[in-house]
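Below is one structure, written out as structure tokens, with a few remarks after it.
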Amino acid sequence: MTSPTVIHSVGLPAPRADAIGKVTGGATYTADLRLPGTVWGKVLRSPYPHARIAGIDTSAARQVPGVHAVLTGDDLPPNTRFGRRIVDVPVLAQGIVRFIGEPVAAVAADDEDIAQRALDLIEVEYEELPAIFDALEAIEPGATLLHPDVMNYTGLPAPLERPSNVVTRTVWGTGDVDQGFRQAEWTFDYTFTIPTVHQAYIEPHSCLVRIDEAGRVQVWASNKAPYNLRQQVAACIGLPLERIRINPVTIGGDFGGKGSPMFIPLAYFLAKATARTVRIVLAYAEELTSANPRHPCVAQVRVGANRDGTIVAYQARLVFNSGAYAGFKPAGFLPGAQHGGGAYHVPHCKVEALGVYTNRVPCGHMRGPGEPQSIFAFESAVDRVARDLGLPPLEVRRKNLLRDGETNSLGHRYQDIRAEDTLNAALEAAGWDAPKGKNVGRGVAICERAPGGGETHANVTLHADGSVVLHTSIFEQGSGSYTTLQQVAAEELGLPHDAVRVEVWDTDAVPFDTGVGGSRVTRVATQAGAGAAQQARDLLLQRAAQTLGWPREQLTLAGTRIRRNDTGETHSWADVIAKTGSPVVGGASIKDMGPAPVTGFTAQVAEVEVDPETGAVKLRRIASAHDVGRVVNPMGIRGQIYGGIAQGVGYGMMEELRMDDGRVTTASFADYKIPTMADMPEVRIVLLESESGVGPYHVKGIGENPNAPTAAAIANAVEDAVGVRIDDLPITAEKVYRALRAKRQ
């Protein structure tokens, strides 16, 4: 690593590597691609939440001029399903539909209008079946069994004892909760309800699939995990991996939602049936009614505490409504639910997460999958316990916060715990002790998340014209990964960040890449980018020593020049490469899969003002402090934090994918509200840097951390302002008004 006393790129603010293309329209998204002979694919969807398909008549649709193919489940091999882990999602319904919006038939036609005309002519006869929408009802004895053959599904994280609507049950914890509750002086029970929300990326799901002259399947898709995608598609359609190539395109936002095959296997079957390239682009109404939103959750919480506020035991039962299928989750369950024990030392803790089938839209990942739900429950419970004991919530937090040498509520031990420092920084930035006006409240919430592990690869190539190209297997989904790679490679070469150009490999280039997600990219990408640049630098100096006749041990790289330290002579490295006739290529392959030894804390303070006459909540300010290790790009990290807070504000105050008997009733952005600039408060960000981190630059993750505690901080602030607790998100004026009226009565 280059000496930190001379900074060339890392730690300096850098604009996004992909910014110019995006703001000028030069970036190429999947929907922008134009290949000769491309036809449009469109899907007919079920109007029923649960029904048997008695018959489908596609004869009229097939006669429409310009229609090239019409497919139903009967045209596909039996049990043609996909899944990121649990393989349970039908490409097209085969005999039964399980949610309103499930694909039943598909058409490929010359254009969208023709395809839609053909869809309108398809007649489907359904026999309705009993439907179940509530996850708590779905786990009751005698509930309608939605997947009778669930025990035969490929990819179940754990074997099931018997067929059940509970497809996954995951338990984390430490100690003995029964013993803990016996030791506790007080026991409290609370229930929190968290709704379904959508990732609300600007670009809808889209794909382009072509079977080329060699019989290889060429895929372009808005998907952030191309190597996993290739595996999942191959398993679904029955082809070997080498017959499928995923090509890079610009991805228009993700937030966890673009990691599954979605309708790519369907596009393949249409391409096979038509011998044409097939394009499918979802309308946004389809996104909101049939994609993979964040799971709703009912969190049933029990807290055992002593009179002084010491939390002795914590037990949470998190019931996640998975919807009709579970195949949109990489692990089959929601790993972020393990954060249900919070950023505290609780000696006896048990967190149980259930994934439950219902007849609702199937759910998937969204920024910290399972974590915002579990953190809302825990951080709300901490405030409720404090108030029930007559103690300040901040005092209870300080008493229980994780400290050096302690294990967290799951029994994990991390190095360099900075929970209290992070909390203090947020309190100071928020002016916690400053006087508050009438009906003004402040609430705090805190969480922690360690950077995830993964596999990635990079090459750095030095050319004779002086240009530097970094190749990566990562598909940038909007978080700034390419800029991070630019910066670390430039730092190792002693160059400014914009001297490095990033180019992306397709899936033929390397065996595997984990993809974007789990706050892992900075951890693995900094190692890959730095390692490739270091090797390129070493190879360059070896070549320079041979070409110039200079002693290798005296050579260093100084930007665009090679310096001989004993004489002070310099020589252009581009000239060295030109003389030798071939570029210099350095590479690095990183497989850093294990748990990180450090974690990153986030503490947020929300300040609200509540109108007691109407219940309207005005969010005045959020202070957000982050334990970040070393910052690679100050601009990038702040962008991630602002974006995470915006999503947390939406989660806490307005967003809800509402459903009526399984039918989404907020099927457009006219009805599904997300925060605009006018809804955002003043945001104060504090970054606590240190050398405590992973990799050559001592980094931590930031992608998922900022959105987890926001909703709880807002809920706690509302209670601080007017004395009413809202335990079901979002916190709307109507809910606050009703709670205030009930309190007065």
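The table below gives the values:
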| read-out | value |
| --- | --- |
| Within the range 492-545, tally of residues that are in contact with a Lys or Arg (Cβ under 6 Å, 6 or more places away or on another chain), within 15 Å of Val584 (Cα to Cα) and among the β-branched types (Val, Ile, Thr) | 0 |
| Filtered residues of the range 127-143 (kept if in a loop (DSSP other than H, G, I, E, B) and touching a residue at least 60 places away in the same chain (Cβ under 8 Å)) | Leu129, Pro130, Ala131, Ile132, Phe133, Asp134, Ile139 |
| Listing of helices (runs of 4 or more DSSP H) fully contained in the range 14-126 that carry 2 or more residues being more than 34 Å from the chain's Cα centre (by Cα) | 59-62, 112-121 |
| Single condition Asp189 does not satisfy, out of (1) among the acidic types (Asp, Glu); (2) farther than 21 Å from His339 by Cβ; (3) assigned to a strand (DSSP E or B) | (2) |
| Single residue of Gly650, Gly643, Gly693 found to be closer than 23 Å to Ala426 by Cα, out of contact with any strand residue (DSSP E or B) (no Cβ under 9 Å at 6 or more places or on another chain) and among the small types (Gly, Ala, Ser) | Gly643 |
| Pairs with Cβ under 7 Å, 6+ apart, first in the range 498-519 and among the aromatic types (Phe, Trp, Tyr), second surrounded by fewer than 24 Cβ atoms within 10 Å (Cβ to Cβ) | Trp505/His471; Phe512/Tyr227; Phe512/Glu455 |
| Residue in the range 403-412 that is among the hydroxyl-bearing types (Ser, Thr, Tyr), surrounded by 24 or more Cβ atoms within 10 Å (Cβ to Cβ) and closer than 30 Å to Thr80 by Cβ present | no |
| Filter pass, Ala458 being touching a residue at least 24 places away in the same chain (Cβ under 8 Å), surrounded by fewer than 22 Cβ atoms within 10 Å (Cβ to Cβ) and out of contact with any Cys (no Cβ under 7 Å at 6 or more places or on another chain) | no |
| Sole exception among (1) at pLDDT below 95; (2) outside the structural domain of Ala528 (by TED's automatic domain parsing); (3) closer than 28 Å to Arg367 by Cβ; (4) of a type outside the set (Gly, Ala, Ser) for Gln477, by number | (2) |
| Single residue of Gly66, Gly21, Gly73, Gly25 found to be free of Cβ contacts under 8 Å to residues at least 24 places away in the same chain, under 25 Å from Cys207 (Cβ atoms) and out of contact with any Lys or Arg (no Cβ under 7 Å at 6 or more places or on another chain) | Gly25 |
| Selected residue (only one of Ala386, Ala377 is surrounded by fewer than 24 Cβ atoms within 10 Å (Cβ to Cβ), modelled with pLDDT of 95 or more, of a type in the set (Gly, Ala, Ser) and in a helix (DSSP H, G or I)) | Ala386 |
| Some residue of the range 607-629 being free of Cβ contacts under 8 Å to residues at least 60 places away in the same chain, in contact with an Asp or Glu (Cβ under 9 Å, 6 or more places away or on another chain) and closer than 23 Å to Ala434 by Cβ | yes |
| Residues located in the range 289-331, provided they are aromatic (Phe, Trp, Tyr) and out of contact with any Leu (no Cβ under 9 Å at 6 or more places or on another chain) | Tyr314, Tyr325, Phe328 |
| Meets criteria (surrounded by fewer than 24 Cβ atoms within 10 Å (Cβ to Cβ), in contact with a Gly (Cβ under 7 Å, 6 or more places away or on another chain) and touching a residue at least 24 places away in the same chain (Cβ under 8 Å)) for Gly478 | yes |
| Residues of the range 205-227 classified as assigned to a loop (DSSP other than H, G, I, E, B) and crowded, with 20+ Cβ neighbours inside 10 Å, total | 5 |
| Failed item, numbered, when Gly11 is tested on (1) touching a Pro at 6+ places or on another chain (Cβ under 9 Å); (2) over 30 Å from Ile637 (Cα atoms) | (2) |
| Verdict on Thr72 being under 20 Å from Gly327 (Cβ atoms) and surrounded by fewer than 22 Cβ atoms within 10 Å (Cβ to Cβ) | no |
| Restricting the range 398-432 to residues that are among the acidic types (Asp, Glu) and outside any loop (DSSP other than H, G, I, E, B), the residue that is farthest from the chain's Cα centre (by Cα) | Glu428 |
| Residue count, the range 252-288 (criterion: free of Cβ contacts under 8 Å to residues at least 60 places away in the same chain and either over 20 Å from Gly83 (Cα atoms) or part of a helix (DSSP H, G or I) (or both)) | 2 |
| Residues of the range 668-679 satisfying the condition of being touching a residue at least 24 places away in the same chain (Cβ under 8 Å) and surrounded by fewer than 20 Cβ atoms within 10 Å (Cβ to Cβ) | Ser668, Phe669, Ile674, Asp679 |
| Filter result for Ala343 (crowded, with 24+ Cβ neighbours inside 10 Å and over 28 Å from Asp661 (Cα atoms)) | yes |
| Test for Glu719: is it of a type outside the set (A, V, I, L, M, F, W, C), surrounded by fewer than 19 Cβ atoms within 10 Å (Cβ to Cβ), at pLDDT 95 or above and out of contact with any His (no Cβ under 9 Å at 6 or more places or on another chain) | no |
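Here's the yes/no breakdown for (1) surrounded by 17 or more Cβ atoms within 10 Å (Cβ to Cβ); (2) in contact with a Gly (Cβ under 8 Å, 6 or more places away or on another chain); (3) over 25 Å from Asn321 (Cβ atoms):
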| position | (1), (2), (3) |
| --- | --- |
| Pro159 | no, no, no |
| Gly180 | yes, yes, yes |
| Thr196 | yes, no, no |
| Leu229 | yes, yes, yes |
| Val233 | yes, no, yes |
| Leu239 | no, no, yes |
| Glu242 | no, no, yes |
| Arg245 | yes, no, yes |
| Ile251 | yes, yes, yes |
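A quick yes/no check of all residues on (1) more than 19 Å from Pro372 (Cβ to Cβ); (2) surrounded by fewer than 24 Cβ atoms within 10 Å (Cβ to Cβ):
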| site | (1), (2) |
| --- | --- |
| Thr602 | no, no |
| Met635 | yes, yes |
| Met654 | no, yes |
| Pro681 | no, yes |
| Leu687 | yes, yes |
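The values are calculated or read from the model by the stated rules, or taken from the named source; none is laboratory data. Quick caveat: nothing in here was measured; it's all calculated off a predicted structure. Neighbour counts run over all protein chains shown; Cβ positions are idealised from the backbone, glycine included.
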